[in-house]
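Report on one structure; see the data block that follows.
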Amino acid sequence: MLMMCGSTKSFLSHSWSLNLVTRRPRRGFSRVSRIAASHSSTRESDTDQYEGALVDRTGNFSGVRLEETVEKGLQKSRIDSWISTRVDGVSRARVQSSIRAGLVSVNGRVIDKVSHVVRSGDEVKCTISDLQPLRAEPEDIPLDIVYEDAHVLVVNKPAHMVVHPAPGNTNGTLVNGILHHCTFPNIAFSSAGMLSESECGSDDEIDRSFENRHLYDEINSSRCTDAIRPGIVHRLDKGTSGLLVVAKDEHSHSHLSEQFKQHKVQRVYISLSSGIPSPISGRIDIPIGRDPSNRVRMAAIPCLANHKHARHAASRYKVIEVLGGGGAALVEWRLETGRTHQIRAHAKYLGIPLLGDEVYGGTKNMAMSLLQPKTPANSRSNLSRLISKLERPCLHALMLGFKHPHSGEVLQFSCPPPSDFAEILFLLRAISTVKCIFATPIT
């Protein structure tokens, strides 16, 4: 059964036929220690013993203490940023929470501003604060519901909406709205059944910063999972729009989770890219891991040996339309895996970062430099206006297909992209468009 919402049919017919770090700490005057859970005793470890001894297996940083003198030659640096580079794996958001709790001092004076600037020779002491549990409360938030029955719910998530509460985004999420819309039975959605961010269908981040995901991971116990993401089987980025399925009972949750793990769920994304990939269709099988030069993003790493935390990632892509005189393209993506930022990282690797994706190189300046020379003079101001308004990567989860967990029926859904995506696409088509025809569709 194929269901289309909104003007998907006209959108598809216009476009194409539907073919169904660890970083070792810097050497210096440093002491990092772990305070026991009882806080009655302290076990210290020197820098050489830092890795593996600092954090327990759950990734809980509570009680970790840092004492270090800021190294010579350091340029101006915010204290939250500086501390997060010294305690391996802790998030900047978690450090900020510790600062606001009065657990950080510089030269013996307690600092409560996260933007405080540290300088060479400053003596910094920090104790990482305890985790505060998160719970999702019902909120009356409008939802674009594409399909619903007693067992599953399919939602068209708008861009800029976080899927579930996380540090920095405790309300206004999709889960808050779903809890207001329907009542979940009193069941336990197992954390083992819930896919992790890197295993699920999410291509993008779950909140306003990559940093906050690490803080969320630290509190990802089964009890907390039940409280803040009931029924969530997979996720989409805050900046990514499109289709997402929610389980309304335990059997559905388990069954859908297994379909994702077995790569049996059909997921089709579309993006607007800066430039055109060469070749115009293909398969990228490049591992993805944390970018060692920028912890806010991931990176495609051709050799696994170069990055011990990189994971296998494979994407299939094809150009549907060449737009704007070759300055942009409408690209279809089909994921074989679901790594964090997979499409964005693979697009950057191909040299075609997504329009609006400032983190991965799809800057407004890059877009204008590629498009402006091909744009008629009377359309340039409108193009500049639309590009300047972009506040997220032009990425949309267009299609979603899965087997119904109770009836066994194969369901397929599609939804057109939202207005910000559609307006730019319309203008780029007005400049010029060339449709790409493939003898053999990518499946």
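Residue order by solvent-accessible surface for His181, His116, His234 is His181, His116, His234, largest first, with ligands and nucleic acids left out and a 1.4 Å probe. The GluC sites (Glu not before Pro) of the range 330-388 that meet both conditions, a loop assignment by DSSP and at most 15 other Cβ atoms within 10 Å of the site Cβ, are Glu336. Using a probe of 1.4 Å, the accessible surface attributed to Met3 totals some 40 Å² when neighbouring protein chains are kept in position. Rolling a 1.4 Å probe over the protein heavy atoms gives the range 117-166 an accessible area of 48 Å² per residue.
Ligands, DNA and RNA left out, the 1.4 Å accessible surface of the range 356-399 is 51% carbon and sulfur atoms. Computed over protein heavy atoms with a 1.4 angstrom probe, the accessible surface ordering of Val110, Val322, Val359, largest first, is Val110, Val359, Val322. Annotation: lysines with alpha-carbon distance below 27 angstrom to Lys264 (same-chain offsets under eight excluded): Lys9, Lys157, Lys238, Lys248, Lys318, Lys348, Lys403. Listed by chain and number, the lysines whose alpha-carbon sits under 21 Å from that of Lys125, ignoring those within fewer than 8 places in the same chain, are Lys72, Lys76, Lys113.
Of the listed residues Leu131, Leu256, the order by accessible area with a 1.4 Å probe, largest first, is Leu131, Leu256. Computed over neighbours whose Cβ is under 9 Å from that of Glu321, the net charge equals +2, Lys and Arg +1, Asp and Glu -1.
The values are calculated or read from the model by the stated rules, or taken from the named source; none is laboratory data. Keep in mind that what you see is a predicted model, and the values were worked out from it rather than measured. In this analysis, Cβ positions are derived from the backbone assuming ideal geometry, glycine residues included, and neighbour counts consider all displayed protein chains. The area values use the complete protein model at the heavy-atom level, side chains included, leaving out ligands, DNA and RNA. Shrake-Rupley method; radii C 1.70, N 1.55, O 1.52, S 1.80 Å.
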